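In what follows, a structure is listed as structure tokens, so that the remarks can point back to it.
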Amino acid sequence: MKKGTSQHDKLTALRRIEGQIRGVQKMIEEGRYCVDILNTTGAIIGALKRVEAGILKGHLNACAKKAFEGASEREKQKKLEEIYSLFAKR
């Protein structure tokens, strides 16, 4: 199953993002040009959104799919509300 590889890829990406954030901190400490800092933070945000999308895809393909394949209308509604609340926070 690809789950292990997928989790490994997410952790690798998060570690890379962590390093980028430390880089931004250093850039600010050094008084680097604002546009350079903004370009770097934009790259971090994009990378974090890709990780987030991968986690959401996994959730929909596993947890949500399982709930919708089941017979319980209550579980289906619970998953829908959970997904709605995720998007409402954005």
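Values in this text are rule-based calculations from the coordinates and carry no lab data. Just so it is clear, the structure is predicted and the values come from calculations on it, not from any experiment. Cβ coordinates were reconstructed from backbone atoms using ideal geometry, including for glycine residues, and neighbour counts include every protein chain displayed.
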Computed ³J(HN,Hα) along the stretch 67-80: with the Karplus parameters 6.51/-1.76/1.60, θ = phi - 60°, integer Hz and x for glycine or proline, the list is 5, 6, 7, x, 8, 7, 5, 4, 5, 4, 5, 4, 5, 4
In terms of the charge dipole of the chain, which places +1 on Lys and Arg and -1 on Asp and Glu at the beta carbon, the residue among Gly23, Phe68, Leu56 farthest towards the positive end is Phe68
Of Arg74, Arg16, Arg50, the most mobile residue in a GNM of the chain (C-alpha springs, cutoff 10 Å) is Arg74
Length gained, His59-Leu80, 0.36 nm per residue minus C-alpha separation, equals 6.3 nm
If one builds a Gaussian network model of the chain from Cα atoms under 10 Å apart, the most fluctuating residue listed among Gly70, Gly54, Gly19 is Gly70
Measuring from its Cα centre, the stretch 3-88 shows a charge dipole (+1 at each Lys and Arg Cβ, -1 at each Asp and Glu Cβ) which, in debye to the nearest 20, is 280
If R0 = 35 Å, then Arg32 and Glu52, at their Cβ-Cβ distance, give a FRET efficiency to the nearest 0.05 of 0.80
Cα-Cα longer than 23 Å, checked against Lys26/Lys89; Lys26/Lys57; Lys10/Lys65; Lys10/Lys78, kept in input order, equals Lys26/Lys89; Lys26/Lys57; Lys10/Lys78
Labelled set (i) 6.7; (ii) 7.3; (iii) 5.1; mean projected area of the Cα convex hull in nm² computed from this model equals the value at (ii)
Length gained, Glu18-Ala88, 0.36 nm per residue minus C-alpha separation, equals 22.5 nm
The ³J(HN,Hα) series, computed from each phi in the stretch 19-32 with the Karplus coefficients 6.51, -1.76 and 1.60 at θ = phi - 60°, rounded to the nearest Hz and given as x for glycine or proline, is x, 5, 5, 4, x, 5, 4, 5, 4, 5, 4, 7, x, 5
note: the stretch 7-51, Cα-Cα separations exceeding 13 Å make up a percent value of 53
Among Leu14, Leu80, Leu56, the residue with the largest mean-square fluctuation in a Gaussian network model of the chain built from Cα contacts under 10 Å is Leu80
